[in-house]
Amino acid sequence: MDPVQLKRRSLPARSLLLLPTAALLAAGCAVGPGQQSTADRRNPSVAPAADATAPQIRTDVDPLKRRFPELGELSATKWIGRTLGQYAGSGLPGPTDVSLDGVARIEPGTLATITGNGTWQEGGIACPVPSALVQEVGATTSAWLHSESFDRTVTRNRYSGSFYFDRQNSRVYFCTVNPKARTD
């Protein structure tokens, strides 16, 4: 075999041997959320990254009023907004879904007007309650009123959302994905 041909054939074989080594080195440098790099673990003065996935409980009502005007005046709100389906720290651009879940006190008159119309079913909250709100919401298995027709009235079929009403305590629980602020 010609030495030139031998060099040409063996060059790719040598390159292939280097690829796994390069991949291992690159993987060793990657640090996921909440993890420390090897260098940071050796240096105790470097704190690990904060967990970006822990939701912050909010109590402001204006974002809720803009999205759910049918609920009227709300008070004593506790809600969270979370990014869904995105690896925190991935740095990859793209569409991201946002959930908005929470509980609020609703005026008794507004609650009576809302639940006095349409078809309502008594039961539990069907969507999962985020762990940050479980204590605030309390029992989710009974005594909540729900109407798919009311859900469509609020969401206008532009996003997904469910609204559950607790008549005994004048509260509403909402679980939505990508709720739109209303301009009308």
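Data table
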| quantity | calculated |
| --- | --- |
| Subset of region 92-118 [buried (at least 18 other Cβ atoms within 10 Å of the Cβ) and of a type in the set (Asp, Glu)] | 101 |
| Filtered residue count, region 170-184, keeping only those that are more than 20 Å from the chain's Cα centre (by Cα) and at pLDDT below 95 | 3 |
| Every pair of residues 6+ apart whose Cβ atoms lie under 6 Å, when the first sits in region 62-73 and is within 19 Å of residue 115 (Cβ to Cβ) while the second is in a helix (DSSP H, G or I) and modelled with pLDDT of 95 or more | 68/154; 70/154; 72/110 |
| Odd one out for residue 121 among (1) under 13 Å from residue 172 (Cβ atoms); (2) open to solvent by 70 Å² or more (accessible area, probe 1.4 Å); (3) in contact with a Leu (Cβ under 8 Å, 6 or more places away or on another chain) | (1) |
| Strands (runs of 3 or more DSSP E) within region 87-184 that include 1 or more residues in contact with a Phe, Trp or Tyr (Cβ under 8 Å, 6 or more places away or on another chain) and in contact (Cβ under 8 Å) with a residue 60 or more places away in the chain | 97-106, 160-166, 171-177 |
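The values are calculated or read from the model by the stated rules, or taken from the named source; none is laboratory data. Remember, it's a predicted structure, so these values are computed and weren't measured experimentally. Methodologically, a virtual Cβ is constructed for each residue, glycine included, from the backbone with ideal geometry; neighbour enumeration extends over all protein chains shown. These area figures cover heavy atoms from the full protein model, side chains too; ligands, DNA and RNA do not enter into them. Shrake-Rupley method; radii C 1.70, N 1.55, O 1.52, S 1.80 Å.
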